[in-house]
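Have a look at the structure below before the remarks.
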Amino acid sequence: MTRMVMPDSACRQIEVEGPTGRRYTTGRNGTFTVTNPTHERRLREIGAFPANVGGTPTMSGYRCTACSFSAFFTTCGRCGATCERETS
Ligand SMILES: [Zn+2]
C-alpha cells in the first residue's frame, strides 16, 4: 500500500485503464492510497509519485554545526546547537 500524490496538484482524479482499472480520487490533503502494485506502476508512469509522509534524511534539512547531526529543525536534536540548512 502506497500513498501517492497526483502529478498535478490541481488534478483531483486519476484513472487506471484496463481490466483491473479503477478511478482514484485524492483526499483532502491531495494524496490517495494505492493498494494494487500494477496500478502504482501505471500511476508512476503518468507522473504520480509517492507521498513523503514524515520526511526522509535525504530531503533538504539542517545539519548541526557542532556535531554534524542531521536535523529537521534549526536547533540540533542531539546537542541543542544551531543547525544550518543543508545545501546538497
Ligand atoms: Zn548537534
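The values are calculated or read from the model by the stated rules, or taken from the named source; none is laboratory data. Since we're looking at a predicted model, the values are computed, not measured. Ideal geometry is used to build each Cβ from the backbone, glycine not excepted, and the neighbour counts take in all protein chains shown.
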Unmet requirement for residue 34, which otherwise passes all of (1) within 13 Å of the ligand (Cβ to nearest atom); (2) at pLDDT 85 or above: (1)
Contact list, first residue from the range 46-74 and surrounded by 12 or more Cβ atoms within 10 Å (Cβ to Cβ), second anywhere and at pLDDT below 85 and among the acidic types (Asp, Glu), beta-carbon distance below 9 Å, six or more apart or interchain, is 47/8; 61/86; 62/86; 63/86; 70/86
